[in-house]
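Engineer: If you scroll down you'll find the structure; I have some questions about it.
The values are calculated or read from the model by the stated rules, or taken from the named source; none is laboratory data. These numbers come from a predicted model, not from an experiment. Cβ atoms come from the backbone with ideal geometry, glycine included; neighbour counts cover every protein chain shown. Quick note on the areas: whole protein, heavy atoms, side chains included, nothing else; ligands and nucleic acids left out. Shrake-Rupley method; radii C 1.70, N 1.55, O 1.52, S 1.80 Å.
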Amino acid sequence: MTNSFFKHVLVAFMLFGTIAVYAQLPSIQYYRYNDLRGWNVFETSKEDTVKYDGFRVRVGGGFAMQFQGISQSNDSGLTGTDNGGNTVPLDFVDLDNNMTLPTANLNFDVQLEDGLRMHLRTYLSSRHHPEAYVKGGYLQIDKLDFVSPGFMSGLMDKMTIRVGMDEINYGDTHFRRSDNARALFNPFVGNYIMDAFTTEPFMEFTYQSNGFIGVLGMSNGRLNQEPVPGDDGRVFYGKLGYDKQMNDDLRLRITGSFYNSSDGSTRDYLYGGDRAGARYYSVLHTVSDGNIGRGPSDFEPRWNPGFSSHTAIMINPFVKFNGLEFFGVYENTSNGDDAGGSYSQIGAELLYRFGESERVFLGGRYNSVSGEAADGAATQDIKRTNLGFGWFMTRNVMMKGEYVTSKYDGDGFTGTKLQGAEFDGVVIEAVIQF
């Protein structure tokens with residue numbers, strides 16, 4: 001498996017290198033650049049800055065590798081029951097200071113017609129899948145000139161339509177998170193504890209005018225699809241916000257988003273839809289496969305409330321004043337089941353960027369999640385702090401590192417492997433992205 005992985009990655013990046021050296025990557029309309037120019041870009045702009053010059057294919061990608069030095073512990077002496085009913089220890093595994101499995105992405109962005117483009121992303125290797133597989137893709141429509149010249153241009157000057165099987169535009173954290181090897185837009189290594197990211201079949205309408213942002217979308221809420229009874233739920237989501245460059249020094253943005261899923265079937269993918277796996281490797285894994293509560297997986301230490309249907313809201317303020325940046329998160333998700341239960345998340349990032357083109361930055365992030373799985377259940381609390389730095393060596397190459405500490409408290413973790421759990425340490429990550 002290891003030899004196969006390196007063979008695929010080597011071939012892919014030989015191809016990437018050939019393209020980068022011998023060909024000028026074509027410009028794509030209404031596109032978020034996959035390098036430093038894409039930093040702090042949220043929805044793609046409605047400014048028509050690229051002249052349409054026929055069919056174009058832009059091949060890009062990403063490569064990320066980490067050195068992880070994390071230690072972890074929980075209350076010793078805990079036991080659980082394996083699938084055979086045997087009592088097994090729930091002590092965490094010892095972690096070594098070492099490299100983790102590198103991750104790689106392959107991107108195709110295709111200009112099909114004027115104002116019409118396609119995006120497709122393949123994970124060449126990820127924590128959860130060392131083999132290559134398609135993450136998803138979408139068709140983005142910013143003009144309807146392919147119907148007839150100038151068709152509905154008054155509306156389409158402000159409207160963007162996206163249709164596909166890819167990440168939906170709920171909240172703003174998904175613009176700043178690491179998407180497998182696309183780690184250049186995340187100022188830290190880890191993502192948020194409740195990581196609102198999912199790939200679902202969707203249709204989405206975005207309206208932008210004079211700083212105002214409105215989004216309305218629909219999905220079936222499924223990661224995998226089956227045209228059978230019982231798999232017929234629906235999700236509606238949306239966003240309202242304002243994003244304005246007030247002057248040369250100050251940019252202000254604030255958005256509020258909602259996500260509502262029906263009880264037609266299991267709809268718990270909003271916080272568990274990233275098939276690539278979480279960013280910290282082997283954290284919260286026990287010495288055995290037995291467990292009480294949540295078992296070892298490639299998706300820990302993310303926290304998924306696991307509600308079968310739910311309503312979630314997220315509020316995100318963003319302020320940039322010269323080199324100083326603040327990004328905030330308030331989020332709540334409520335169980336749509338009669339059993340009730342809810343979780344709230346708070347996040348705050350503060351960065352200072354300096355140097356030529358603000359290519360160097362220092363910063364910190366505080367993140368906490370608190371709630372209960374059902375009405376009257378014991379509370380579960382998770383707190384995490386990241387202190388980090390980053391350096392864009394070029395607009396395509398980034399080096400960053402962080403110190404992370406996380407702790408699990410609350411009676412809701414009593415008797416599980418997360419009783420008294422904590423981890424801390426240093427992670428360094430190198431990212432290539434174009």
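Engineer: Going through the range 61-100 one residue at a time, which ones are in contact with a His (Cβ under 7 Å, 6 or more places away or on another chain) and part of a strand (DSSP E or B)?
Structural biologist: So in the range 61-100, the residues in contact with a His (Cβ under 7 Å, 6 or more places away or on another chain) come out as 92-93.
Listed by number, the list holds a single entry, F92.
Engineer: So, of the residues in the range 407-432 that are open to solvent by less than 10 Å² (accessible area, probe 1.4 Å) and not in a strand (DSSP E or B), which turns out to be nearest to R384 (Cα to Cα)?
Structural biologist: A421
Engineer: Moving on to the next point. Being outside any strand (DSSP E or B) and of a type in the set (S, T, N, Q) is the filter here, so list the residues in the range 338-397 that pass it.
Structural biologist: Just the residues of the range 338-397 that are outside any strand (DSSP E or B), to begin with: 338-341, 355-359, 373-379, 393-396.
S357, T379, T394, N396, listed by residue number.
Engineer: How many residues are under 18 Å from the mean Cα position of the chain (by Cα) and either at pLDDT 95 or above or β-branched (V, I, T) (or both) when one looks only at the range 304-343?
Structural biologist: Taking the range 304-343 and keeping what is under 18 Å from the mean Cα position of the chain (by Cα), we get 304-306, 312-318, 327-333.
Within this subset, residues satisfying the condition of being either at pLDDT 95 or above or β-branched (V, I, T) (or both) are 312-318, 327-333.
Number satisfying all stated conditions: 14.
Engineer: Residue by residue through the range 212-247, note down the ones that are open to solvent by less than 70 Å² (accessible area, probe 1.4 Å), over 30 Å from V319 (Cβ atoms) and of a type in the set (D, E, K, R).
Structural biologist: Residues satisfying the conditions are R222, D231.
Engineer: How do the pairs read when you match residues in the range 120-135 that are touching a residue at least 60 places away in the same chain (Cβ under 8 Å) with residues anywhere that are in a strand (DSSP E or B) and aliphatic (A, V, I, L, M), using Cβ under 6 Å and keeping only pairs 6 or more apart or on different chains?
Structural biologist: L124/A104; L124/L106; S125/A104; A132/L124
Engineer: Does L25 count as farther than 30 Å from L252 by Cα and touching a residue at least 12 places away in the same chain (Cβ under 8 Å)? Let's see the steps before the verdict.
Structural biologist: On the way: farther than 30 Å from L252 by Cα: yes; touching a residue at least 12 places away in the same chain (Cβ under 8 Å): yes.
Spelling it out, L25 is indeed farther than 30 Å from L252 by Cα and touching a residue at least 12 places away in the same chain (Cβ under 8 Å).
Engineer: To continue, here is another question. So is P201 at pLDDT below 95 and assigned to a loop (DSSP other than H, G, I, E, B) or not? Walk me through it before giving the result.
Structural biologist: Numbers: at pLDDT below 95: yes; assigned to a loop (DSSP other than H, G, I, E, B): no.
Against the criterion (at pLDDT below 95 and assigned to a loop (DSSP other than H, G, I, E, B)), P201 does not qualify.
Engineer: Restricted to the range 132-187, and to residues that are among the β-branched types (V, I, T) and in a loop (DSSP other than H, G, I, E, B), which residue is most open to solvent (accessible area, probe 1.4 Å)? Step through it out loud before you land on a result.
Structural biologist: Applying the first criterion (among the β-branched types (V, I, T)) to the range 132-187 yields 134, 141, 147, 160-161, 163, 168, 173.
Applying the additional criterion that residues be in a loop (DSSP other than H, G, I, E, B) yields 147, 168.
On the way: V147: 86, I168: 9 Å².
The selected residue is V147.
Engineer: Considering only the range 105-119, I want to know if a residue exists there that is under 28 Å from H285 (Cβ atoms), outside any loop (DSSP other than H, G, I, E, B) and touching a residue at least 40 places away in the same chain (Cβ under 8 Å).
Structural biologist: Let us first name the residues in the range 105-119 that are under 28 Å from H285 (Cβ atoms), namely 105.
From what's left, outside any loop (DSSP other than H, G, I, E, B): 105.
This time we only want the ones that are touching a residue at least 40 places away in the same chain (Cβ under 8 Å), so: 105.
Yes, some residue in the range 105-119 is under 28 Å from H285 (Cβ atoms), outside any loop (DSSP other than H, G, I, E, B) and touching a residue at least 40 places away in the same chain (Cβ under 8 Å).
Engineer: Could you tell me whether any residue of the range 309-320 is touching a strand residue (DSSP E or B) at 6+ places or on another chain (Cβ under 9 Å) and either without any contact (Cβ under 8 Å) to a residue 40 or more places away in the chain or assigned to a loop (DSSP other than H, G, I, E, B) (or both)?
Structural biologist: Quick first cut of the range 309-320, residues touching a strand residue (DSSP E or B) at 6+ places or on another chain (Cβ under 9 Å) only: 309-320.
From what's left, either without any contact (Cβ under 8 Å) to a residue 40 or more places away in the chain or assigned to a loop (DSSP other than H, G, I, E, B) (or both): 309.
Yes: the range 309-320 contains one or more residues that are touching a strand residue (DSSP E or B) at 6+ places or on another chain (Cβ under 9 Å) and either without any contact (Cβ under 8 Å) to a residue 40 or more places away in the chain or assigned to a loop (DSSP other than H, G, I, E, B) (or both).
Engineer: Please count how many residues of the range 97-136 are within 29 Å of V427 (Cα to Cα) and either at pLDDT 95 or above or not acidic (D, E) (or both). Can you show your working first?
Structural biologist: Just the residues of the range 97-136 that are within 29 Å of V427 (Cα to Cα), to begin with: 97-107, 121-136.
The next check asks that each one be either at pLDDT 95 or above or not acidic (D, E) (or both); those that pass are 97-107, 121-130, 132-136.
Count: 26.
Engineer: Across the range 54-68, which residue is farthest from T405 (Cα to Cα) among those that are open to solvent by 20 Å² or more (accessible area, probe 1.4 Å) and touching a residue at least 60 places away in the same chain (Cβ under 8 Å)?
Structural biologist: F63
Engineer: Name the single residue, out of those in the range 392-406 being open to solvent by 10 Å² or more (accessible area, probe 1.4 Å) and not aromatic (F, W, Y), that is nearest to Y281 (Cα to Cα).
Structural biologist: Narrowing the range 392-406 to residues open to solvent by 10 Å² or more (accessible area, probe 1.4 Å): 393-397, 399, 403, 405.
Keeping just the survivors that are not aromatic (F, W, Y) gives 393-397, 399, 405.
Working: M393: 26, T394: 28, R395: 27, N396: 25, V397: 23, M399: 19, T405: 14 Å.
For the range 392-406, the residue satisfying everything is T405.
Engineer: Among the listed residues V88, V110, V147, V93, identify the single one that is closer than 23 Å to F434 by Cα, over 20 Å from the mean Cα position of the chain (by Cα) and β-branched (V, I, T). If you could, list the steps in order and put the result at the bottom.
Structural biologist: Values: V88 fails: closer than 23 Å to F434 by Cα; V147 fails: closer than 23 Å to F434 by Cα; V93 fails: closer than 23 Å to F434 by Cα.
After ruling out the rest, the residue left standing is V110.
Engineer: Open to solvent by less than 10 Å² (accessible area, probe 1.4 Å), over 29 Å from L106 (Cβ atoms), touching a residue at least 12 places away in the same chain (Cβ under 8 Å) and touching a Leu at 6+ places or on another chain (Cβ under 6 Å): does that describe G256?
Structural biologist: Working: open to solvent by less than 10 Å² (accessible area, probe 1.4 Å): no; over 29 Å from L106 (Cβ atoms): yes; touching a residue at least 12 places away in the same chain (Cβ under 8 Å): yes; touching a Leu at 6+ places or on another chain (Cβ under 6 Å): yes.
Against the criterion (open to solvent by less than 10 Å² (accessible area, probe 1.4 Å), over 29 Å from L106 (Cβ atoms), touching a residue at least 12 places away in the same chain (Cβ under 8 Å) and touching a Leu at 6+ places or on another chain (Cβ under 6 Å)), G256 does not qualify.
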